[in-house]
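Engineer: Can you keep this structure in mind? I'll have questions shortly.
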Amino acid sequence: MEGWLRLLALLGCSAVAAGLSSVVGVGSHCEKACNPRMGNLAHGRRLWTDTTCGRNSTELYCSYSENADLTCKQPKCDKCNAAHTHRAHPPSAMADSSFRLPRTWWQSAEDMHKEKIQLDLEAEFYFTHIIMVFKSPRPTAMVLERSQDFGKTWKPYKYFSTNCSATFGLDDDVTKKGAICTSRYSRPFPCTGGEVIFRALSPPYSAEDPYSADAQAQLKITNLRVQLLKRQACPCQSNDLNAKPQQSQHYAIYDFIVKGSCFCNGHADHCVPVAGFRPVKAAGVFQVVHGRCMCKHNTAGLHCQHCAPLYNDQPWQAANGKTGAPKECRSCKCNGHAGTCHFDMDAWLASGNRSGGVCDNCQHNTEGQHCQRCKPGFYRDLRRPFSAPDACKLCSCHPVGSALLPFSTNTFCDPSNGDCPCKPGVAGPQCDRCMVGYWGFGEYGCRPCDCAGSCDPLTGDCISSADIVWHHEISDFRSVFNESEPTWGWEDEQGFSALRHSGKCECKEQVLGNPKVFCGMKYTYVVKAKILSAHDKGSHAEVNVKIKKVLKSTKFKILRGKRTLYPESWTNRGCTCPILNPGLEYLVAGHEEVRTGRLIVNMKSFVHQWKSALGRKVLEILKRDCN
């Protein structure tokens, strides 16, 4: 079981890039912490090396290999010339499709003791693991390094050596768990096809929240570099008396697979190219991992590293990869009068850690932290909701009849109803006339009438009360407030990890439905198989099974007994679907690879845990509907 889990941990590192939807806002399932699809970061980008064989002239080289019993095969010799396509072995061959072009490789110039391979990225990415498949013997000493500042500084990920103590003065993780050096991948055999594997999420980092500061320090990269420090000869070379030493003194690598994803702090499940980035074309490569996040959870930025313009009411946080809590940014309450806001720590603390958003550049004649009041010189129109653009009306104070407020050089009205402050003896909401019993509207207000009753407001002449017409105008205003505000319900999301449960690769249980659909898939084999074990081959996976019953076979005759299935989707899709659990029996329907006769399992295959009733139903469909 532990071996099976280790295989899932390696091949299933795509869970680091758990993505659920490829288009923002359309059928998105990124309500919880999420991460984009994982892939090979070397695809679409240039790999840099110090040398390439045959760059200046044709070079003769020889390769050695051994049989399963470690007896040596005859050496294979050939020529390398970078100017001729069929004899060239450029660095780009390490980053082409390991499935479509498995036998292409990069080769260094001959007699090179040290060599360097470097991948430069256009933005920060999450790196999860690397798989290198050597054509030459693996080095006796090498180091894997990363940079997080575009090559200004470098830090080691792992040292590799046949003798960690003698070469680097370090402990070996074979004998001391957690050591930064290992001898696991430095043995002379195999002379070709040897692998070097490193996982950035090995303990103690595997238990981390993948978006925590510690995990980011381990996973985030802008550049990756491998320094090959000391060659290793194949033991079979000593048996070849005719070979010249320099003909086998080179480094050669089939595959340089750098698995990782766009770095989005758990706030995106889809990425697009960074501005100005142009992918490098490579044979058989159609998927490129891009670096600009299409942010969700109200976040923004190249890596969703800050809140969107109007969502700064609380501090920005990365999503929680352990609990799945999205840590969404919360909108500021600007009453519809601002397009952006910023977070203010003083306001946050003053509110008891409830609200720290301060609205920027309040529009529509409003002001305040939340654009919650009318600016001086404007008043609140109670007939309009406060979120309306015309909720604040300009004060209409008469320039002669209105008084200045204390310590002010301007005349302002009452912001709640628009009433203006009037000079002595002046009346009206706008202070545009004399009060009853006053006259002489002017710079100093109105003067009292010198009469027993009232007087003419213009001349001051006394008039009888019979000549006065009283107007009682009482406006019936009904207050209208926009009291509806979003209620924020926070749930404690438990049991979800965006790093460990890939929604994009979520394995849905298959159902045997319409027989025409099943027949239409034109499966070339249908078998009952018991899963025995699974093995990581670096560039692909193999699942050993025992075929217990053959319901259908076409191109190649399938016999009962032990056989190997090749789960194509585990590597080229970066997930572990369909699920094949060791010890269980499954009905598997798939296609044979014509060239090799391999039994392929992929996302088009029909895989379901075996039941006798299911077997009878499929057999009936094959006989009745598929002929």
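Engineer: Let me see the P(r) profile for region 46-263: every Cα-Cα distance counted, bins of 10 Å, each bin given as a percent of all pairs.
Structural biologist: Answer for region 46-263: a P(r) of 8, 32, 36, 19, 6, 0 percent.
Engineer: Something else now. In sequence order, what are the phi-derived ³J(HN,Hα) couplings for region 334-349 according to the Karplus relation 6.51 cos²θ - 1.76 cosθ + 1.60 with θ = phi - 60°, rounded to whole Hz, with x for glycine and proline?
Structural biologist: Those phi angles translate into 10, 6, x, 10, 8, x, 9, 8, 10, 8, 10, 5, 4, 5, 4, 5 Hz.
Engineer: Check the straight Cα-Cα distances from residue 611 and name the lysines below 20 Å, setting aside those fewer than 8 residues away within the same chain.
Structural biologist: 508, 528, 530, 546, 548, 549, 552, 623
Engineer: If you build the Cα gyration tensor of region 515-624 and take the root of 5 times each eigenvalue, what three semi-axes come out, in whole angstrom, biggest first? Can you show the working numbers first?
Structural biologist: Working: eigenvalues 91, 45, 38 Å².
After scaling each eigenvalue by five and taking roots: 21, 15, 14 Å.
Engineer: Another one. What is the distance in Å between the Cα centroid of region 170-227 and that of region 111-152?
Structural biologist: Here the answer is 12 Å between Cα centres.
Engineer: Follow-up. Charges only on Cβ, +1 for Lys and Arg, -1 for Asp and Glu: so what's the dipole of region 515-624 about the Cα centre, in debye to the nearest 20? All intermediate terms of the calculation are to be shown ahead of the outcome.
Structural biologist: Numbers: 23 positive and 7 negative charges, 126 e Å.
It comes to approximately 600 debye.
Engineer: Something else: Kindly put 532, 47, 622 in sequence by how many other C-beta atoms sit within 10 Å of each C-beta, fewest to most.
Structural biologist: Details: 532 14, 47 23, 622 18.
Ordered by Cβ neighbours within 10 Å, fewest first: 532, 622, 47.
Engineer: Answer with one residue from 550, 587, 540: the one whose Cα lies farthest towards the positive end of the charge dipole of region 515-624, charges on Cβ with Lys, Arg +1 and Asp, Glu -1.
Structural biologist: 550
Engineer: Can you figure out the FRET efficiency of residue 459 with residue 280, using R₀ = 56 Å and their beta-carbon distance, to the nearest 0.05? Write down the numbers at each step before the final one.
Structural biologist: Details: r = 93 Å, r/R0 = 1.67.
Here the calculated transfer efficiency is 0.05.
Engineer: At 0.36 nm per residue, minus the direct Cα-Cα distance, what do residue 174 and residue 444 gain on full extension? Give it in nm, one decimal, please. Intermediate values should be presented prior to the final figure.
Structural biologist: Working: separation 270, 0.36 × 270 = 97.20 nm, distance 9.74 nm.
Answer, rounded to one decimal: 87.5 nm.
Read-outs: derived from the displayed coordinates by stated rules, not from any lab. Given the structure is predicted, the values throughout are model-derived calculations rather than measurements. Positions of Cβ are backbone-derived with ideal geometry, glycine not excepted, and every protein chain shown enters the neighbour counts.
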